[in-house]
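A.B. asks: This structure is in structure tokens; I'll ask about it shortly.
Just so you know, all these numbers are worked out from the coordinates, no wet-lab data involved. From a predicted model like this one, the values you see are computed outputs, not experimental measurements. Glycine gets a Cβ as well: all are built from the backbone with ideal geometry, and neighbour counts include every protein chain shown.
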Amino acid sequence: MKIGILQTGHVPQELAGDFSDYDAMFAQLLGGDGRSFVGYDVENGVLPDSPDAADGWVITGSRHGAYEDHAWIALLETLIRDIAASGRPLIGVCFGHQIIAQALGGKVEKFSGGWSVGRCEYTMGERTVALNAWHQDQVTQCPPTARVVGSSAFCENAMLAYGDHIWTVQPHPEYNADFIDGLARTRGKGVVPAPLLDAIGQTRDLPVDSAEIAAHMIHILTQTETAP
């Protein structure tokens, strides 16, 4: 199976020597069982010609807001609608979660409650899962075709499903605690309130459920047969 990674952002330059870029993070998270990956630098205007270029798709996080006026965002929204219509599986994470919702009729905006950073807990079905988060923007209005499958008191629409072939998540299963620390050093100071940055250290060594969420993402990517 070939999975296309639509890369809408890049690891901060200050961290590039210590961490892989986002496409490689997802390849590591979702690799195995013969799955291969092809990346598209969407942030720099590189997009596939059609949904047929891969069997399934993943949209990464980004420093940009889904509501920003960039030509590549409009092109990506068109591609998202084409992927949705094709029946091919699609996963969105953070910005990916938001841009899919926006493309399909939802609303994304800066959350009035502020930032969520570090390890956070979410209700997913009958259990609680923990993932690392780094965001202020949220999906504040769900598209009509979406159903909420994960939430928290801070992030009501944290996980969304559209039928059985599109699944999106606001926090980051691909981020580990070291990378969150790096974001706090390079992108957090002066932007994220200092008490939130300080609180990251209190939970950084607690376990997260990235492996479980990755398994669910792989299930979405591989269970749905490609539409003819």
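A.B. asks: Calculated from DSSP H runs of 4 or more alone, at -39500 (n - 2.57) each and per residue, what is the 222 nm mean residue ellipticity of the chain, nearest 500?
C.D. replies: Values: 6 runs with 65 residues, N = 228.
-8500 deg cm²/dmol, from helical runs alone.
A.B. asks: For W167, W72, what ranking results if the residue with the fewest other Cβ atoms within 10 Å of its Cβ goes first?
C.D. replies: Details: W167 24, W72 16.
The order, fewest Cβ neighbours first, is W72, W167.
A.B. asks: Where the eigenvalues come from the Cα gyration tensor of the range 1-106, what are the semi-axes √(5λ) of the equivalent ellipsoid, largest first, in whole Å?
C.D. replies: On the way: eigenvalues 81, 69, 24 Å².
Equivalent ellipsoid semi-axes, largest first: 20, 19, 11 Å.
A.B. asks: How high is the relative contact order of the range 1-46, in percent, with contacts defined as C-alpha pairs under 8 Å that are six or more residues apart?
C.D. replies: Values: 50 pairs, mean separation 27.1, N = 46.
After rounding, I find 59 percent.
A.B. asks: Out of residues 5 or more away from T140 or on other chains, whose amide H comes under 5 Å of its own, with H placed 1.01 Å from N in the peptide plane?
C.D. replies: Residues meeting the amide H criterion: K107, V108, E109.
A.B. asks: For A133, enumerate residues with amide H under 5 Å from its amide H, sequence gap 5+ or separate chain, H modeled in the peptide plane.
C.D. replies: G118, R119, C120, H172
A.B. asks: If one computes the Cα centroid of the range 188-216 and of the range 144-186, what distance in Å separates the two points?
C.D. replies: If we compute the Cα centre of each part, the gap is 13 Å.
A.B. asks: Could you please rank T60, T123, placing first whichever residue has the fewest other Cβ atoms within 10 Å of its Cβ? Intermediate results must be reported in sequence, preceding the final value.
C.D. replies: Numbers: T60 26, T123 15.
By the 10 Å Cβ count, ascending, the order reads T123, T60.
A.B. asks: I want to verify a result. In a Gaussian network model of the chain, Cα cutoff 10 Å, which of these has the top mean-square fluctuation: Q170, Q202, Q138?
C.D. replies: Q202
A.B. asks: Would you tally the net charge around T140, using a Cβ to Cβ cut-off of less than 11 Å, leaving T140 out, and scoring K and R as +1, D and E as -1? Walk me through the intermediate numbers first.
C.D. replies: Values: positive: K107, K110; negative: E109, D137, E156.
Its environment carries a net charge of -1.
A.B. asks: Cut-off 10 angstrom, C-alpha nodes, Gaussian network model of the chain. Which of A215, A84, A101 fluctuates the most?
C.D. replies: The residue with the greatest mean-square fluctuation here is A215.
A.B. asks: Step through the residues of the range 180-194 one at a time and calculate ³J(HN,Hα) from phi using the Karplus curve (6.51 cos²θ - 1.76 cosθ + 1.60, θ = phi - 60°), rounding each to whole Hz and writing x for Gly and Pro.
C.D. replies: 4, 4, x, 5, 4, 6, 9, 10, x, 5, x, 10, 8, x, 4
A.B. asks: In nm, to one decimal, how far is the T78 label point from the A16 one, both placed 7 Å along Cα→Cβ?
C.D. replies: 2.9 nm
A.B. asks: By how many nm would the segment from A153 to A215 grow when fully extended, if each residue of separation counts as 0.36 nm and the alpha-carbon distance is taken off? It would help to have the intermediate numbers written out before the result.
C.D. replies: Details: separation 62, 0.36 × 62 = 22.32 nm, distance 2.47 nm.
Between A153 and A215, full extension yields 19.8 nm more.
A.B. asks: Right, something else. At Q141 and Q28, where each label point lies 7 Å from the Cα along Cα→Cβ, what is the point-to-point distance in nanometres?
C.D. replies: Result for the modelled spin labels: 3.9 nm.
A.B. asks: Hey, another quick one. By count of other Cβ within 10 Å, fewest leading, how are H165, H216 ordered? Intermediate values should be presented prior to the final figure.
C.D. replies: On the way: H165 22, H216 19.
Ascending Cβ contact count within 10 Å gives the list H216, H165.
A.B. asks: Enumerate the amide H contacts of L90 below 5 Å, restricted to partners 5 or more residues apart or on another chain; note that Pro and chain-start residues carry no placed amide H.
C.D. replies: It is W57, I166, W167, by chain and number.
A.B. asks: Oh, and also: Work out from phi, with θ = phi - 60° and the Karplus expression 6.51 cos²θ - 1.76 cosθ + 1.60, the ³J(HN,Hα) of each residue of the range 77-86, listed in order in whole Hz, and give x for Gly and Pro.
C.D. replies: Result, ordered by residue: 4, 4, 4, 4, 5, 5, 4, 4, 5, 6 Hz.
A.B. asks: Given points 7 Å out from each Cα along the Cα-Cβ axis, report the A194 to N176 separation in nanometres with one decimal.
C.D. replies: Here the modelled spin labels are 3.1 nm apart.
A.B. asks: Can you tell me, using C-alpha contacts under 8 Å and at least 6 residues apart, the relative contact order of the chain as a whole percent? Walk me through the numbers before you get to the answer.
C.D. replies: Numbers: 438 pairs, mean separation 46.4, N = 228.
For the chain, the relative contact order is 20 percent.
A.B. asks: Right, next: Would you work out which of I218, G106, G45 lies farthest towards the positive end of the dipole of the range 2-223, given +1 charges on the beta-carbon of Lys and Arg and -1 on that of Asp and Glu, about the Cα centre?
C.D. replies: Checked the options; the winner is G106.
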